[in-house]
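S.K.: Sharing a structure here in structure tokens format.
The values are calculated or read from the model by the stated rules, or taken from the named source; none is laboratory data. No experiment lies behind these values; they were computed from the predicted model shown. Please note: Cβ atoms are built from the backbone with ideal geometry, for glycine as well, and neighbour counts cover all protein chains shown.
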Ligand SMILES: Nc1ncnc2c1ncn2[C@@H]1O[C@H](COP(=O)(O)OP(=O)(O)OP(=O)(O)O)[C@@H](O)[C@H]1O
């Protein structure tokens, strides 16, 4: 059997801040098979972007390991890594050079490899622009002359020009108008299907993840508190945090057992983690032991939840 596209093995990552040491990713493990799409959801500050940067090799874990197609990402040569795994970030405007023409922006990863001739670069850039729905005329524009959706198409073309097999999408539609979000999600889904890509797809919005992901991992304060197939997680959420996230995007149905509370309270200070289950201060169904004992993973097919009551 071939190695998973992405393998995260007991990864731990902290940051030193003025307020103390923040645990951003706390002993997280998961794998994404080739061609799979794992959606990672959670509120802002739960560690999703740190997870993305660890997988892209832009950050090193304190402990644990990230493997891409069976190779440790930490030991990989930068150029080789770029040919294998690429990011698409939230804000295309800040990630696109404002002074460069679209064609040159998309060509950049090819130029950086130092092995592609001009003709090949031109051919690949034209092919990618057409593939993401941008005309040759758009290729001659500057980022400021494009709409938000068009700029994200440029960022996607740039991510795919080296023909990577894995793409890490970090909130790729969150900065876009709602009407444009669906177009970009459809484009990403189509590209995945046609090119056989693997996605790690990060969003704070479960509704977005439902559209693209076959599996979902729910992150809360650095831990994956629930995971499962998208269908199972939406139909039968186990963790009260997942239920609260779902309640914020769905009209609750009585059968779901969605608690009648929102996530009004702010996320606890990650430099000062609550003891026991870290969700207990905000949990509508917490019991006494939730405040003192860390919950075990209660497994179910393809996943499970870290909750005493699951
Ligand atoms: N470079 C850094 N230095 C210090 N703290 C950091 C750094 N990067 C992230 N953190 C902290 O790590 C925790 C997780 O942040 P992260 O950005 O990964 O979360 P997130 O779920 O992606 O949120 P967002 O969607 O707002 O980016 C937060 O408490 C954040 O403040």
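S.K.: Cβ-Cβ distance below 7 Å, separation of 6 or more or different chains: which pairs start in segment 271-285 with a residue that is under 18 Å from residue 310 (Cβ atoms) and within 16 Å of the ligand (Cβ to nearest atom) and end on one that is at pLDDT 90 or above and in a loop (DSSP other than H, G, I, E, B)?
M.R.: Filtered contacts from segment 271-285: 278/221.
S.K.: Which condition number does residue 138 fail, the rest of (1) closer than 23 Å to residue 177 by Cα; (2) assigned to a loop (DSSP other than H, G, I, E, B); (3) over 27 Å from the mean Cα position of the chain (by Cα); (4) without any contact (Cβ under 8 Å) to a residue 40 or more places away in the chain being met?
M.R.: (2)
S.K.: Let me ask you something else. What's the total number of residues in segment 64-88 that are over 15 Å from residue 159 (Cα atoms) and away from the ligand (no atom under 16 Å from the Cβ)?
M.R.: Looking only at that region, the number is 12.
S.K.: Look through segment 4-19, keep the residues that are in contact with a strand residue (DSSP E or B) (Cβ under 6 Å, 6 or more places away or on another chain) and near the ligand (Cβ under 9 Å from one of its atoms), and return whichever of them is farthest from residue 72 (Cα to Cα).
M.R.: Restricting to residues being in contact with a strand residue (DSSP E or B) (Cβ under 6 Å, 6 or more places away or on another chain) and near the ligand (Cβ under 9 Å from one of its atoms), the top hit is 15.
S.K.: Test of understanding: among 98, 109, 92, which residue is more than 11 Å from the ligand (Cβ to nearest atom) and over 27 Å from residue 186 (Cβ atoms)?
M.R.: Criteria check complete, one pass: 98.
S.K.: Scan segment 20-46 for residues that are within 17 Å of the chain's Cα centre (by Cα) and within 9 Å of the ligand (Cβ to nearest atom) and jot them down.
M.R.: 24, 25, 40, 42, 43, 44, 45, 46, listed by residue number.
S.K.: For segment 261-310, which positions are in contact with a strand residue (DSSP E or B) (Cβ under 9 Å, 6 or more places away or on another chain), outside any loop (DSSP other than H, G, I, E, B) and under 12 Å from residue 225 (Cβ atoms)?
M.R.: Within segment 261-310, 297, 298, 303, 304, 305, 306 qualify.
S.K.: Now for a different question. Among the listed residues 258, 209, which satisfies the condition of being closer than 25 Å to residue 185 by Cβ, surrounded by 20 or more Cβ atoms within 10 Å (Cβ to Cβ) and modelled with pLDDT under 90? Write out each step before concluding.
M.R.: Values: 209 fails: modelled with pLDDT under 90.
Checking each option against the conditions leaves just 258.
S.K.: Okay, next question. For segment 1-97, please list each of the strands (runs of 3 or more DSSP E) lying entirely inside it that holds at least 1 residues being out of contact with any helix residue (DSSP H, G or I) (no Cβ under 8 Å at 6 or more places or on another chain) and either touching a residue at least 12 places away in the same chain (Cβ under 8 Å) or surrounded by fewer than 18 Cβ atoms within 10 Å (Cβ to Cβ) (or both).
M.R.: Where strands (runs of 3 or more DSSP E) fall fully within segment 1-97 and carry at least 1 residues being out of contact with any helix residue (DSSP H, G or I) (no Cβ under 8 Å at 6 or more places or on another chain) and either touching a residue at least 12 places away in the same chain (Cβ under 8 Å) or surrounded by fewer than 18 Cβ atoms within 10 Å (Cβ to Cβ) (or both), they are 6-17, 20-32, 37-41, 63-68.
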